[in-house]
There are 4 protein chains.
Amino acid sequence: MINVGVIGAKGRMGSQVCAAVEDDDELELVAEIDVDEGSLGDLVTDEVQVAVDFTHADAAFHNIEWCIKNGIHVVVGTSGLSPESLKDIAALTAKCEGNVLVAPNFAIGAVLAMRFAEMAAQWMPDAEVIEMHHNNKVDSPSGTAMNTAAAIARGRRQSVPAARPEKLKENLPGARGADLDNVKIHSVRLPGLVAHQEVMFGGPGQVLSIRHDSTDRKSFMPGVVLAIKKIADRPGLTVGLEHYLGI
Amino acid sequence: MINVGVIGAKGRMGSQVCAAVEDDDELELVAEIDVDEGSLGDLVTDEVQVAVDFTHADAAFHNIEWCIKNGIHVVVGTSGLSPESLKDIAALTAKCEGNVLVAPNFAIGAVLAMRFAEMAAQWMPDAEVIEMHHNNKVDSPSGTAMNTAAAIARGRRQSVPAARPEKLKENLPGARGADLDNVKIHSVRLPGLVAHQEVMFGGPGQVLSIRHDSTDRKSFMPGVVLAIKKIADRPGLTVGLEHYLGI
Amino acid sequence: MINVGVIGAKGRMGSQVCAAVEDDDELELVAEIDVDEGSLGDLVTDEVQVAVDFTHADAAFHNIEWCIKNGIHVVVGTSGLSPESLKDIAALTAKCEGNVLVAPNFAIGAVLAMRFAEMAAQWMPDAEVIEMHHNNKVDSPSGTAMNTAAAIARGRRQSVPAARPEKLKENLPGARGADLDNVKIHSVRLPGLVAHQEVMFGGPGQVLSIRHDSTDRKSFMPGVVLAIKKIADRPGLTVGLEHYLGI
Amino acid sequence: MINVGVIGAKGRMGSQVCAAVEDDDELELVAEIDVDEGSLGDLVTDEVQVAVDFTHADAAFHNIEWCIKNGIHVVVGTSGLSPESLKDIAALTAKCEGNVLVAPNFAIGAVLAMRFAEMAAQWMPDAEVIEMHHNNKVDSPSGTAMNTAAAIARGRRQSVPAARPEKLKENLPGARGADLDNVKIHSVRLPGLVAHQEVMFGGPGQVLSIRHDSTDRKSFMPGVVLAIKKIADRPGLTVGLEHYLGI
């Protein structure tokens, strides 16, 4: 049994983490902390082994630091930690006993999809990204799509066959989508959509497509639970859930 | 049994039309005409009832005129006939016995897809078009995609609910695709693709998608055969195979 | 402004109907009736012009009868009305002023998809249905899939080209799916899915696919609102929302 | 420059291999052998470094044996070699200098798709396979689908979360597809399809889909060319192109 404490327990994600921890037979929820409820000290008092932080970047850095120094592992879903903060965290884990996982995405399917995209690009470098979201998502492309394009570009640099040069002729501007690192991204926005992304890889006579559909925030929970169970065996700072998946 | 004559019989499409006619139990191929083989006069000599023209716009107009005046129906797959030519053809069919069908696309699935898109837009006006072609197709968007966007815009004008206004914010230019009549079009180009198009309609809690995949030019033949069999019952000039499909 | 009354106002669907009516500028919610709240008499007192019934088959028949006799139109989403009940309702509407719409599905996208499937089958008779639902849906195939197969079979009977006979050889039983009226149905059940259906039509060199994805019960509301606004112009009993869509 | 010899050079696959080798700047086609053209001895005379065999199982074993003994590497696309033959080949490579690659599939996209499916099943064990082929493919499920189901079952055995038990209730037999090792397989057969497969993985709130579309036999050629270039560095017998892809 692993003792778990949740920081930001009343937040949108935090409350779902609490429920997921309580649902799991190998985990015990022993501490719930939020702005107006409890304090970090409870993590020690309640003998927490793994803390989960879904707060915001400002608070998170302080929380993480505190946990590491007190020998408590931390699973961090908070986004926006700066490269400097990550460097400081890595340095601190080298001197203390607490391990840290910082992951921008805990949806295992999305993590697999992005990693597969990077691997596929090594052998099928011609690729495009189509991301599809509900019409209330104002920004385009999505952050995930830009990360995916970057992953494709990384894979492509190791590719034996070179990507085909674009013979662009847009009779209407924008038809060929956005370009990031020579990877085209197309953003669809429609009511009824939730959050979807498809990456297509083309080669002579064949197409490989990797698609992820997310319909509910609970898609993050299996990844969080997995991380809680594995973090004790992963010394130091790890960035990205993919490293816990062995791929 | 219907006697059929093919004009442009040695061309890429013409030769396939000849084969399709020969394969059909209700049709008989009685005349094959090409630049250096036979002449329009053969159509009369060989008692052709329906001629099929897959030549080019310049030649086609003359061929069509000749057929109408000689009481021969003509199925025309040639693209590029001007509005004036079509007007002249319509006028001529009013005075003579030959009927004419001019169709930009004989792939029944594509014709259905475009018509369904127009109908769907009347009730689900929020729609986007994704067209996907092999990387040797230089132009974007495809002509079919632009025709489809126009069909959606037509349907939308009869829509009770209004289409949602775009809250555009492109962090990378082109992400949201091209815009034609307030319909977004996204063009994907990859080796391994042939010719594909998907139209997505979104509404609260639901998405309707209509997709057409074309993998071989023989997809046109059932539409041509259908037209040959029906043209005798369709007086005057008809533009578009959809009118023969009763939708 | 149309005065609307909702019968079964506290139920899962009824409460959403109330919200949708209140949201619409042309509708006014004047009566909410449920088992322990109000009675049918309120519909008259509150001058309801259109009632909406999402109760259950037993209660619904009585409610509908009462509304018709009192000159109130009724939009019925209750399923399970017997053919005899429908016959009685039709007979009653012939003598009274209330119109009735009984619809098994108010999701406009689903209604369009099924109607398009019937139309497509007239020209592309080779078709299969793939329905995909969350793993808690125990029954297979879904009712919608069976209705869709029936619609395809209806369309196919008007088809010029005949459907290709099946050359079946299953090396593992069930591979080719279920068979309803010579239409194959495949049922996928996975966590993470909600309610999805794709119908594929194949012809030489081409495939036409019609897909509907439903992610939220609110997908029914635009159809209900549309029906409320149109029912006054549709005398007698109408079965199926497609007749209100003009397709 | 690598000297290449093709055995079965006049066959359907062999002739395409010859063309692909001639197209590649780093390869030189120095020998073409077929039943009635040349003999294995030519491989030595022409200083072949890598032979490619796309013949049939009976002939292939003899060809492979001969090549190994003569220090010539062999890329084998022939299917149907028995486990005993493979064992003998492995033993022979241990004593001689020729390396061997036996691969059932050279389409890199298909090989990636199957390997990704195995990896994904370790984390998302609930999975189903939908394979779609032209209606002339009589057997169902396809061999690739059965291999994919086996790969999913292998991955699943390493999965932390267990696959959900099936709560089966087929109101029409076959609806839930075929079952191989607790993986459901659905086989669609329609004209217009070529060769397609989609594997869907479901988890709470998310679905991951991996799809491969093959439209032309030339999809095999990049994989064959890759194998020819890499085989000198892969001692002994290798079964499956995935091992050359480093995944």
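The values are calculated or read from the model by the stated rules, or taken from the named source; none is laboratory data. Bear in mind the structure is a predicted one, so any value in this text is a computation, not a measurement. A quick note on method: Cβ atoms are made from the backbone with ideal geometry, for glycine too, and the neighbour counts reach across all protein chains shown. These area figures cover heavy atoms from the full protein model, side chains too; ligands, DNA and RNA do not enter into them. Shrake-Rupley method; radii C 1.70, N 1.55, O 1.52, S 1.80 Å.
Measuring only protein heavy atoms, the 1.4 Å probe finds C:Tyr244 accessible over about 0 Å². Shown are A:Ser140, D:Ser15, whose ranking by accessible area with a 1.4 Å probe and every protein chain present, most to least, is D:Ser15, A:Ser140. The residues of region A:108-215 expose on average 32 square angstrom of accessible surface per residue, using a 1.4 Å probe on protein heavy atoms.
Put a dot 7 Å past the Cα of A:Ser39, heading toward its Cβ, do the same for B:Glu166, and the two dots end up 5.4 nm apart.
To the nearest 500 deg cm²/dmol, what mean residue ellipticity at 222 nm is calculated for chain C from DSSP H runs of n ≥ 4 alone, each contributing -39,500 (n - 2.57), summed and divided by the residues?
-10000 deg cm²/dmol
Stokes-Einstein diffusion of region C:43-99 at 37 °C, 0.692 mPa s viscosity, Kirkwood radius from Cα pairs, rounded to a whole number: 292 µm²/s. On the principal axes of its alpha carbon atoms, region C:92-167 extends 54, 39, 19 Å, with the longest extent given first. The heavy atoms of D:Met13 offer some 30 square angstrom of accessible surface to a 1.4 angstrom probe. The heavy atoms of A:His56 offer some 110 square angstrom of accessible surface to a 1.4 angstrom probe. For a straight C-alpha distance cut-off of 17 angstrom, the aspartates and glutamates reachable from A:Lys230 (same-chain residues fewer than eight places away being disregarded) are A:Asp24, A:Asp25, A:Glu26, A:Glu28, A:Asp53, A:Glu97, A:Glu242. Just for region B:108-215, what percent of DSSP beta bridges are antiparallel, to the closest 5? For region B:108-215, the DSSP antiparallel bridge percentage is about 75. The 3J(HN,Hα) values that the Karplus relation (6.51, -1.76, 1.60; θ = phi - 60°) gives for region B:140-156 are, in residue order, 8, x, 5, x, 4, 5, 5, 5, 5, 4, 5, 5, 5, 4, 4, x, 4 Hz. Gly and Pro appear as x. Considering amide H positions built from the backbone, and no H for Pro or chain starts, which residues 5 or more places from C:Gly236, or on another chain, come under 5 Å of its amide H? Residues meeting the amide H criterion: C:Val100. Note: region D:149-190, Cα convex hull, 81 Å³ per residue. Position D:Glu166: other-copy label points at 1.8, 4.6, 4.7 nm, ordered by increasing distance, label point 7 Å along Cα→C-beta. Assign one of three labels to the protein assembly as shown, namely rounded, prolate or oblate, based on the Cα gyration tensor with a ≥ b ≥ c the square roots of its eigenvalues; rounded applies when a/c is under 1.5, prolate when it is not and a/b is larger than b/c, and oblate otherwise. Taking the square roots of the gyration eigenvalues as a ≥ b ≥ c, the protein assembly as shown is oblate.
The distance linking region D:63-105 with region C:9-72 is 77 Å (Cα centroid to Cα centroid, whole angstrom). Shown are C:Thr55, D:Thr78, whose ranking by accessible area with a 1.4 Å probe and every protein chain present, most to least, is C:Thr55, D:Thr78.
Would region C:1-59 count as rounded, prolate or oblate if I go by the C-alpha gyration tensor, calling it rounded below 1.5 in a/c and otherwise prolate when a/b exceeds b/c, oblate otherwise? Oblate, since a/c reaches 1.5 and b/c is not below a/b.
Accessible surface computed residue by residue for region B:1-84, with neighbouring protein chains in place and a 1.4 Å probe, gives 48 Å² per residue. Ignoring ligands, DNA and RNA, please state the percent of accessible area on region B:101-247 from carbon and sulfur, probe 1.4 Å. Summing carbon and sulfur atoms, their accessible area is 51 percent of the total for region B:101-247. In this simple spin-label approximation, B:His56 and C:Ala150 carry label points 7 Å from Cα along the Cα→Cβ vector, and these lie 5.5 nm apart. Rounded to the nearest Hz, the phi-derived 3J(HN,Hα) couplings of region C:70-77 under the Karplus curve 6.51 cos²θ - 1.76 cosθ + 1.60 (θ = phi - 60°) are 9, x, 9, 6, 10, 9, 10, x, where x marks glycine and proline. Judged by the gyration tensor of its Cα atoms, with axes a ≥ b ≥ c, region C:201-247 is oblate; a/c meets the 1.5 cut and b/c is at least as large as a/b. Each label point was placed 7 Å from the Cα along the Cα-to-Cβ direction; for A:Met1 and A:Asp233 their separation is 2.2 nm.
Charging the Cβ of each Asp and Glu at -1 and of each Lys and Arg at +1, and nothing else, the dipole of chain A about its Cα centre rounds to 1420 debye. Residues within the reach of a label modelled at C:Lys95 (point 7 angstrom out along Cα to beta-carbon, backbone nitrogen below 16 Å), restricted to region C:54-79, are C:62, C:64-72. Against the main long axis of the alpha-carbon atoms of chain A, helix A:12-23 sits at an angle near 70°. Sorted from closest to farthest, the other copies place their C:Thr45 label points 5.7, 9.2, 10.7 nm away, with each point set 7 Å from Cα along Cα→Cβ.
For region B:47-62, 3J(HN,Hα) computed residue by residue from phi via the Karplus equation (6.51, -1.76, 1.60; θ = phi - 60°) reads 6, 5, 9, 10, 9, 10, 10, 10, 9, 10, 3, 4, 5, 4, 4, 5 Hz, glycine and proline entered as x.
Both chains summed, the buried accessible area for D and C stands near 3300 Å², from protein heavy atoms and a 1.4 Å probe.
Its Cα gyration tensor gives region B:108-215 an equivalent ellipsoid, and the semi-axes of that ellipsoid, as √(5λ) in whole Å with the largest first, are 22, 18, 11.
In the calculated pair-distance distribution of chain B, the portion above 31 angstrom amounts to 33 percent of the Cα-Cα pairs.
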